[in-house]
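These notes concern the structure reproduced below.
The values are calculated or read from the model by the stated rules, or taken from the named source; none is laboratory data. In this text the structure is predicted, and so the values were computed from the model without any measurement. Please note: Cβ atoms are built from the backbone with ideal geometry, for glycine as well, and neighbour counts cover all protein chains shown. Accessible surface areas use protein heavy atoms only, side chains included; no ligands, DNA or RNA. Shrake-Rupley method; radii C 1.70, N 1.55, O 1.52, S 1.80 Å.
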Amino acid sequence: MATYVNPVPPTRGTSYADVTEEQQRVEQTLVDKVVGSFDSCENPRLKELMVSLVRHLHSFVRTTRLTEEEWGAAINFLTESGKITTDVRQEFILLSDTLGISMQTINVNNRAYKQATEATVFGPFFVEDSPEIELGADMSFGAPGEPCWVEGTVTDTDGRPLAGARIEVWEADEDGLYDVQYDADHRAARAHLYTDIDGSYKFWGLTPTPYPIPNDGPVGMMLDSVGRSPLRAAHLHFMVSHDACRTLVTHIFPSDDPIGPGDTVFGHKDSLVKDFQRQPAASPTPDGRLLDATWSTVRFDVVLAPVDA
């Protein structure tokens, strides 16, 4: 594996407990000066964010007694992350995901409301121009993997069916790759469809399998350095939207996946674990499709929170 960051020394220098009062005063003076530089900011939210960012970053530097070599390694890490980022490979999203920042931001912005379906990470492989499919159609478009029949309903938190809800679905194939990782212009194992008048939906997809996030760059190096796995739990992505409801970005996870809670981006939630029931080859399918290999079926009923929840 290529070396993208300078090695961080296993030991550090001065402990914060050993810092003299005079040194603490010097450091705090700088914090106050940087915070004061935002006094003329006319955007109150921007000022709040910048002041808080500065305080937290300076606190990190001071309490860990960050060395210049360590800060240089961090700058190099971010520089290399920028270099490897492309239209279909977003290293900074991977970094956010693997540090749990993406998931925490989702937790903050998707407050629990009654029995509404929980949200989870968006991931770096969503694209806007997915093909539309009819109810019951196949969103795999030839991507390799075991066929999976997915069905369910979309309702609001009062149980009312939501007709015409837009459902975006996307997933990796059995080799752990998304279509855009093969070809930026190719579309497979992704589509969008709309719920029926009774809020129901159905489509053919692929049985999800676990896969590693792209780990040939700085984020992969970081995970390897700290002894963490790059594996994502098996999952199928959903983004569900409807007028007057909060848009939901979520996944479902097979109950028999051994990765499960060890998901490297912390997106796994118990409420999103579903039973993908494997069916024998040549067994009858819900729509009469003939399959000479095993397939699976899963039900996922989506409940959307009000837009102002």
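Using only Cα atoms, tell me the angle between helix 44-64 and the longest principal axis of the chain; keep it within 0 to 90° and round to the nearest 10. It is inclined by approximately 70 degrees.
Modelled this way, with points 7 Å down the Cα-to-C-beta line, the labels at residue 104 and residue 226 are 1.1 nm from one another.
Within the accessible area of the chain, the carbon and sulfur atoms contribute 55%, probe 1.4 Å, all protein chains present.
Relative contact order of the stretch 166-309: 20 percent, from C-alpha pairs under 8 Å at least 6 residues apart in sequence. Take the Cβ atoms of residue 197 and residue 273, set R0 to 25 Å, and the FRET efficiency comes out at 0.25. For the stretch 134-223, the spherically averaged projection of the C-alpha convex hull amounts to 7.6 nm². Calculated on the Cα set of the stretch 1-145, radius of gyration then Dmax: 22.0, 71 Å. Using a probe of 1.4 angstrom and keeping all protein chains present, the accessible surface of the chain works out to 53 square angstrom per residue.
So what's the back-of-envelope 222 nm ellipticity for the chain, counting only DSSP H runs of four-plus at -39500 (n - 2.57) apiece and dividing by all residues, rounded to 500? About -8500 deg cm²/dmol. Using the C-alpha gyration tensor of the chain, what are the square roots of 5 times its eigenvalues, in whole angstrom, with the largest one first? The equivalent ellipsoid of the chain has semi-axes of 43, 24, 16 Å. For the chain, the relative contact order works out to 20 percent when only alpha carbon pairs closer than 8 Å and six or more residues apart are counted. Mind checking the stretch 100-178 for GluC sites (Glu not before Pro) that DSSP puts in a loop (not H, G, I, E or B) and that have at most 11 other Cβ atoms within 10 Å? Listed in order of number, the matching sites are 128, 134. Projected onto its three principal axes, the C-alpha set of the stretch 214-309 covers 50, 43, 22 Å, listed from the longest axis down. Taken over the stretch 72-161, the convex hull of the Cα atoms encloses 166 Å³ per residue.
Working note: Debye formula, equal point scatterers on the alpha-carbon atoms of the stretch 112-154, no solvent; log10 I(q)/I(0) at q = 0.29 Å⁻¹ is -1.15.
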